[in-house]
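Engineer: Quick one: the structure is below, questions incoming.
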Amino acid sequence: MSDDALRLGVLISGGGSTLANLVERIADGRLRRVEIAQVISSRSNVRGVELARAAHLPIDILSPAAFGDADAWAAAVASSLDVGRVHLVALAGFLVLWRFPPRYHNRVLNIHPALLPAYGGTGMYGRRVHAAVLAAGERESGCTVHLADHEYDHGPIIAQRRVPVVAGDTPEALAARVGAAERELYPEVIQQVADHGVAWLAERAAASVDRTG
Ligand code: GRF
């Protein structure tokens, strides 16, 4: 691992499509000066763990159920990232609310498959998000990269990518279109952090809050 690269921690709970995309883009050179220094999965028997192992990435399985309480689990997640000397954390299909310690404030990103603040929050993940967008008759959807805080899908928006809703869309069709946008947007934001430093996120977040009031 080179010294000046952005050291990324990736937190997963499931299929690992977000992780796979980052691995691919680092390998083919589209994502530059970024290294995945630590993967953490909240579940052991998921495809994302297989993907991390196949890519020879350091991975810890930290299941909340294996810890006495939520605080102990949250501290174990932070310790694993500390060991990996992680600069930036990317939540990637991570389904557990991580109440991170202050030293990770403004250093945890999340990607959500909708245009937050709409269609986010507790229980709003996966197919449910797209079904809700379609049920509401929305003409467009998209994805959002935001700084995570201690609430689901909350925190200052860093970037969004919009996609059209097409007549006759099923949740699966919309998920595929949003997923393609996610696979572009997340690496774009991570590249900006690699190029400008983690402090860029706080500056961007401040501008975002000013914009949304
Ligand atoms: C994506 O919809 C992403 O927006 C959300 O988790 C889904 C991907 O999960 N955060 P995974 O990377 O396939 O596990």
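Every read-out reported here was derived from the displayed coordinates using simple, explicitly stated rules and does not represent laboratory data. Predicted, not measured: the structure shown is a model, and the values here were computed from it. For neighbour counting, all protein chains shown are included, and Cβ atoms are generated from backbone atoms with ideal geometry for every residue, glycine included.
Engineer: Just subtract the alpha-carbon distance of LEU95 and GLU151 from 0.36 nm times their residue separation and send over the number in nm, one decimal.
Structural biologist: In short, 19.0 nm is gained.
Engineer: Provide the gained length on full extension for the span GLU188 to ALA118, in nm with one decimal, where the gain is 0.36 nm per separating residue minus the Cα-Cα distance.
Structural biologist: Result: 23.0 nm gained on full extension.
Engineer: Further question on the same structure: Along the three principal axes, how long is region 1-159 when you take its alpha carbons, biggest first, rounded to the nearest angstrom?
Structural biologist: Largest to smallest, the principal-axis extents are 47, 41, 30 Å.
Engineer: In nm, give the distance between the simple-model label positions of ALA207 and ASP71, each being 7 Å from the Cα along the Cα-to-Cβ direction.
Structural biologist: Using points 7 Å along Cα→Cβ, the separation is 3.9 nm.
Engineer: Still on this structure, please answer the following. For ALA135 and ALA199, calculate 0.36 nm times their separation in residues minus their Cα-Cα distance, and state this gained length in nm to one decimal.
Structural biologist: Extra length available between ALA135 and ALA199 comes to 19.1 nm.
Engineer: Next question. Among residues other than GLY120 whose Cβ falls under 13 Å from its Cβ, what is the net charge (Lys/Arg +1, Asp/Glu -1)?
Structural biologist: -2
Engineer: If you average the alpha carbon positions of region 131-173 and of region 42-61, how far apart do those two centres end up, in angstrom?
Structural biologist: 27 Å
Engineer: Hey, with R₀ at 35 Å, roughly what FRET efficiency would ARG127 and ALA5 work out to, going by the Cβ-Cβ distance, to 0.05?
Structural biologist: Result of the calculation: an efficiency of 0.50.
Engineer: Next question. If you keep only loop residues by DSSP, which chymotrypsin sites (Phe, Trp or Tyr not before Pro) in region 125-213 have at most 12 other Cβ atoms within 10 Å of their Cβ? Provide the component values of the computation, followed by the final result.
Structural biologist: On the way: sites: TYR125, TYR152, TRP200; in loops: TYR125, TYR152.
Taking region 125-213 and a limit of 12 other Cβ atoms within 10 Å, no loop chymotrypsin sites (Phe, Trp or Tyr not before Pro) are found.
Engineer: Strictly greater than 12 Å: what percent of every Cα pair in region 145-199 meets that?
Structural biologist: Values: 1061 of 1485 pairs.
The proportion of pairs with Cα distances above 12 Å equals 71 percent.
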